[in-house]
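The values are calculated or read from the model by the stated rules, or taken from the named source; none is laboratory data. Note that the structure is predicted; figures quoted are calculated from it, not measured. Virtual Cβ from ideal backbone geometry, glycine too; neighbours counted across all protein chains shown. Remember, those area values only see protein heavy atoms, side chains included, never the ligands or the DNA or RNA. Shrake-Rupley method; radii C 1.70, N 1.55, O 1.52, S 1.80 Å.
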Amino acid sequence: MSSQSTSQRAPWRAKAVVATLAAAMLAGPGIAQAAPQPVPAAGERAAAATITWSLVRASNPTADQQSAYNLITTAMNAAVARYNNLSDLGKTITVRYEPGVPTADGNLNGTIRFGSNRSYMSERTALHEIAHTIGVGTSSGWSSLGGSGTWTGAQATALVRQFDGSSAKISTGGGHFWPYGLNYDNEWSGTAADRHVRIVAAMKNDGL
């Protein structure tokens, strides 16, 4: 092959290589991930926060522990789904099974503990304890807005009046509230559970 024919074909080969590489890059995996994300429009609401949870498990659980884990998982999944469906509250929760706990408890640091009594391994209890992790009975906002025995925050007060009439109020005491605090099993209903979540979210907006 002559040097002249080689020089004549080199540009064509170079273009072919470039075209092939470009096609490979466009068709390659992950190209969509590298694409720039659209800029949110002015005033567009940010994505809502969510509640997430995890269960601390023994590496080799006993039959008692596994039974508790199953019930707690069902209860927490239902409660967290309800909170995330009806509010934009955010919290990372760690759940433990501790048989020595009399019933169940929740802490502002995001910890929930269930004792060995299976009757408390329910969605009602899980909703109630999640409220404690949000600040019900556990935060400085609770003390300032609910310390008088009646919740004084405007948003939650307006909401309970929407539910129960213009004279309704949210009573507080012992770190709990009512109505809709889900403090006992006889308070449970689907409607009460939904209203519980909405009131806790309104309390948080009030400054809980």
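Table for the structure above
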item: Those residues of the range 139-165 which are of a type in the set (Val, Ile, Thr) and surrounded by fewer than 19 Cβ atoms within 10 Å (Cβ to Cβ), in sequence order; result: 150, 152
item: Those residues of the range 167-203 which are among the basic types (Lys, Arg) and within 17 Å of residue 122 (Cβ to Cβ), in sequence order; result: none
item: Residue in the range 111-132 that is without any contact (Cβ under 8 Å) to a residue 60 or more places away in the chain, open to solvent by 30 Å² or more (accessible area, probe 1.4 Å) and under 16 Å from the mean Cα position of the chain (by Cα) present; result: yes
item: Test: residue in the range 58-74 that is part of a helix (DSSP H, G or I), among the hydrophobic types (A, V, I, L, M, F, W, C) and without any contact (Cβ under 8 Å) to a residue 24 or more places away in the chain; result: yes
item: Residue match in the range 166-183 (condition: in a helix (DSSP H, G or I), modelled with pLDDT of 95 or more and either open to solvent by 10 Å² or more (accessible area, probe 1.4 Å) or charged (D, E, K, R) (or both)); result: no
item: Residue satisfying all of: in the range 67-103; touching a strand residue (DSSP E or B) at 6+ places or on another chain (Cβ under 9 Å) and of a type in the set (D, E, K, R); surrounded by the most Cβ atoms within 10 Å (Cβ to Cβ) among these; result: 91
item: Selected residue (only one of 185, 194 is under 24 Å from the mean Cα position of the chain (by Cα) and closer than 25 Å to residue 67 by Cβ); result: 185
item: Selection count where residues are in contact (Cβ under 8 Å) with a residue 12 or more places away in the chain and either among the aromatic types (Phe, Trp, Tyr) or part of a helix (DSSP H, G or I) (or both), scope the range 133-157; result: 12
